[in-house]
Amino acid sequence: MSSVTATDVRWFVCHTKPRCEKKFAALLSAERVEHYLPLVKSTRRYGTQTKRFTKPLFPGYVFAQIMLDQKSRVYQQDLLARVIPIDDEPLFLRQLEDVRILIASGLELTIKPLIKRGTRVRIITGPLWGLEGIVDDPTNPKGVILAVDVLQQGLHIKLPLESMELLP
């Protein structure tokens, strides 16, 4: 009989097919696999009716601690698109605990992309629609530099985050 060691169990980000997060989490529960699907309350109005429901905080993702010998079983599920390994598990677990605390607080949460200095973005609203630039200051990402490469110069423009989309 073999014993399970800490190296036999790892955390993974399970990227599900669209709108399959809750089904995949239920499957993990049935398989007795430790997992976490952060859910937040949401309210929608449909004409005169108001519907309240829970939805995934991170659409398309379930976090799971999988025994390495069960990994192939998890991959076989039709609800799963891919499994992403976690490189720094201690950091990941601290961040996951932070997410749990934020959700438990009941405060309203909004997902925003993590923007760093040098991130390429495209302007998606207003008269500058379609222009591409680089985020200048990650501590205050309301500025974008539009490059004029031939002159090795840039033009700094202040824009709200909502008017930008990240480029791959």
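Summary table below
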{"item": "Residue 125 vs. criteria over 22 Å from residue 9 (Cα atoms), surrounded by 10 or more Cβ atoms within 10 Å (Cβ to Cβ), hydroxyl-bearing (Ser, Thr, Tyr) and modelled with pLDDT of 85 or more", "result": "yes"}
{"item": "Tally of residues being in contact (Cβ under 8 Å) with a residue 24 or more places away in the chain and among the hydroxyl-bearing types (Ser, Thr, Tyr) across the range 49-96", "result": "1"}
{"item": "Which listed residue, of 36, 75, is hydroxyl-bearing (Ser, Thr, Tyr) and either touching a helix residue (DSSP H, G or I) at 6+ places or on another chain (Cβ under 9 Å) or at positive phi (or both)", "result": "36"}
{"item": "Filter pass, residue 52 being closer than 21 Å to residue 95 by Cα and in a strand (DSSP E or B)", "result": "no"}
{"item": "Per-region count, the range 67-84, residues assigned to a strand (DSSP E or B) and within 20 Å of the chain's Cα centre (by Cα)", "result": "5"}
{"item": "Residue list for the range 136-161, restricted to those being under 20 Å from the mean Cα position of the chain (by Cα) and modelled with pLDDT of 70 or more", "result": "161"}
{"item": "Residue match in the range 33-45 (condition: over 18 Å from residue 110 (Cα atoms), in a strand (DSSP E or B), touching a Phe, Trp or Tyr at 6+ places or on another chain (Cβ under 9 Å) and of a type in the set (Val, Ile, Thr))", "result": "no"}
{"item": "Hits in the range 35-59 (condition: surrounded by fewer than 14 Cβ atoms within 10 Å (Cβ to Cβ) and either at pLDDT 95 or above or of a type in the set (S, T, N, Q) (or both))", "result": "42, 43, 48, 49, 50, 54"}
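The values are calculated or read from the model by the stated rules, or taken from the named source; none is laboratory data. Given the structure is predicted, the values throughout are model-derived calculations rather than measurements. Note: ideal-geometry Cβ built from the backbone for every residue, glycine included; neighbour counts use all protein chains shown.
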